[in-house]
Amino acid sequence: EKGGHRHFMAKEIAEQPTVLGDALAHYLRDDTISLPEPGLDFSEFDRIVMVACGTANYACVVAKYWFERLSGLSVEVDIASEFRYREPPIPPRTLALFVSQSGETADTLAALRYCEGKAARIVSVVNVTESSIARESDLVLPIRAGAEIGVASTKAFTCQLTVLFLLALKGAHDRGRLDGEEMDAYLSALRHMPGLMNSALARSGDIGRVAKAVAEARDVLFLGRGAMFPLAMEGALKLKEISYIHAEGYASGELKHGPIALVDKSVPVIVMAPSDHLFDKTVSNMQEVMARGGKVLLITDTKGAKLAGDGCWKTLTLPEVEPMLAPILYALPAQLLAYHAAVAKGTDVDQPRNLAKSVTVE
Ligand code: F6R
């Protein structure tokens, strides 16, 4: 049942190239994005509100960067437990988008019900299609990740991101902001993702060695900029939930506004930064960390490793990827790092203490 893996989590991490490829094939017909009935036309909306919990919420925060950049729509993202009691105004031309692996998360379901009769459309991105959230949506977009058994969400996260990226492309197309050539370029970059993921998975041994050292730490910081910022939060969540190491994710630029006070030689600082237009800024944040004796683990591409120069504690390189899609690829080393750290600590990887796979009570 674990397909030769020691844990479901390891199996589910390894499955990502396959399930992501299947999800793509499902949504792409003749090189165009095809959504299930009754479809979706983004020219009908003025804004998007996205609501979810935990890892699914981080997928929404990544997607906010995509929707804003590609479709020009303004996007609000909230965690469901706050959204539902805040009772925010929902103008009529709002698309309300709910993301949930299980489709049963109580707070997310309550947030969806709050939007009924207010939002123009209620759309859900779920893994379990026979779920309450799916049943109560106007349109259901399955992520097609297959059963996810490990409590820590892995393949569901990258499949959520894939479906959300396709939606952002559709939004850009519907609103006349993406020509055929640009669309083809993004779709081709997506089609390359399973191959890139396989190269990332091939680094599992190296990541395992780094993870052994990370497992010794009491506190770990994750840093990222742009769409890599929510991935930093996801990396921290993964590490804390299965290895019980205290970890926080921050936007790189926030470092000097507080968290840098934590930095000393016992705190690994994991910087997730492809060599994109923000890379220079991240390098200067890294230098601030190193100047205070902090141990930087840089996860980047070959170009980034060169630009970063010397001084990092450790560097892990991934293949180059279309910058917008980097959060999908960089999710894998974040997951593997948490997994190997948990294995090194001997925790119960698939059933971490105090956690449930489906949170049906608030
Ligand atoms: C973290 C994790 C949780 C879930 C959250 C939402 O690894 O699994 O944070 O992401 O409980 O669950 P769903 O997606 O089922 O609504």
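The values are calculated or read from the model by the stated rules, or taken from the named source; none is laboratory data. Since this is a predicted model, take the numbers as computed values, not measurements. Cβ coordinates were reconstructed from backbone atoms using ideal geometry, including for glycine residues, and neighbour counts include every protein chain displayed. Just the protein is used for accessible areas: all its heavy atoms, side chains included, with ligands, DNA and RNA removed. Shrake-Rupley method; radii C 1.70, N 1.55, O 1.52, S 1.80 Å.
Quick rundown of the values:
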| read-out | value |
| --- | --- |
| Rotationally averaged projected area of the chain (alpha carbon convex hull; nm²) | 17.1 nm² |
| Where GLU1, GLU15 fall by accessible area, highest first, once all protein chains stay in place (1.4 Å) | GLU1, GLU15 |
| Chain lengthening between VAL361 and ALA261 when straightened (0.36 nm per residue, less Cα-Cα) | 32.3 nm |
| In the range 43-132, trypsin sites (Lys or Arg not before Pro) in a DSSP loop with at most 16 other beta-carbon atoms within 10 Å | ARG93, LYS118 |
| Whole-Hz ³J(HN,Hα) from phi, Karplus 6.51 cos²θ - 1.76 cosθ + 1.60, for the range 148-157, glycine and proline x | 10, 9, x, 4, 6, 6, 10, 5, 5, 4 |
| Label point distance in nm, ALA344-GLU130, each placed 7 Å from Cα along Cα→Cβ | 4.2 nm |
| When the range 273-334 is reduced to its Cα atoms, the Kirkwood hydrodynamic radius in Å | 11.8 Å |
| Extension gain (nm, one decimal) between THR302 and ALA110, 0.36 nm per residue minus Cα-Cα | 64.6 nm |
| Length released on extending from ASP179 to HIS192, taking residue separation times 0.36 nm less the Cα-Cα span | 2.6 nm |
| log₁₀ of I(q)/I(0) at q = 0.14 Å⁻¹ - the range 1-138, Debye sum with one point per alpha carbon | -0.71 |
| Fraction of accessible area attributable to carbon and sulfur, the range 204-362 (%, probe 1.4 Å) | 51 percent |
| ILE79, ILE90, ranked by accessible area, largest first (probe 1.4 Å) | ILE79, ILE90 |
| The range 100-198 pair-distance distribution - Cα-Cα, 5 Å bins, rounded % | 2, 12, 18, 19, 18, 14, 11, 5, 0 |
| Structure-based [θ]222 nm, the chain - -39500 (n - 2.57) summed over DSSP H runs of at least 4, per residue, nearest 500 | -14500 deg cm²/dmol |
| Stokes-Einstein D for the range 162-239, Kirkwood Rh over Cα pairs, 4 °C, 1.567 mPa s (µm²/s) | 84 µm²/s |
| Phi to ³J(HN,Hα) by Karplus 6.51 cos²θ - 1.76 cosθ + 1.60 over the range 316-327, Hz, x for Gly, Pro | 10, 10, 10, x, 6, 9, 3, x, 5, 8, 3, x |
| Selected from ALA202, ALA305, ALA211 as most flexible by GNM, with the chain as the system and alpha-carbon contacts under 10 Å | ALA202 |
| HIS5 accessible area, assembled protein chains, probe 1.4 Å, Å² | 70 Å² |
| From phi via Karplus (6.51, -1.76, 1.60), per-residue ³J(HN,Hα) for the range 84-96 in Hz, x at Gly/Pro | 5, 8, 6, 6, x, x, 10, x, x, 8, 9, 8, 9 |
| Descending principal axes extents, the range 192-234, alpha-carbon based, whole Å | 37, 28, 11 |
| D (Stokes-Einstein, µm²/s), Kirkwood Cα radius, the range 215-309, 1.002 mPa s at 20 °C | 164 µm²/s |
| Length-normalised contact order for the chain - Cα pairs under 8 Å, 6+ apart - percent | 19 percent |
| Pairwise label distance in nanometres, ARG29 with LYS314, each label 7 Å out on the Cα-Cβ vector | 4.7 nm |
| For LEU28, residues with placed amide H under 5 Å, excluding near neighbours | SER34 |
| Solvent-accessible ranking of VAL296, VAL321, largest area first, probe 1.4 Å | VAL321, VAL296 |
| Accessible area (Å², per residue) of the chain, counting only protein heavy atoms and a probe of 1.4 Å | 40 Å² |
| Loop GluC sites (Glu not before Pro), the range 111-160, which have at most 13 other Cβ atoms in a 10 Å radius of their Cβ (DSSP) | GLU116, GLU130 |
| Cα gyration tensor, the range 58-148 - rounded (a/c under 1.5), prolate or oblate | oblate |
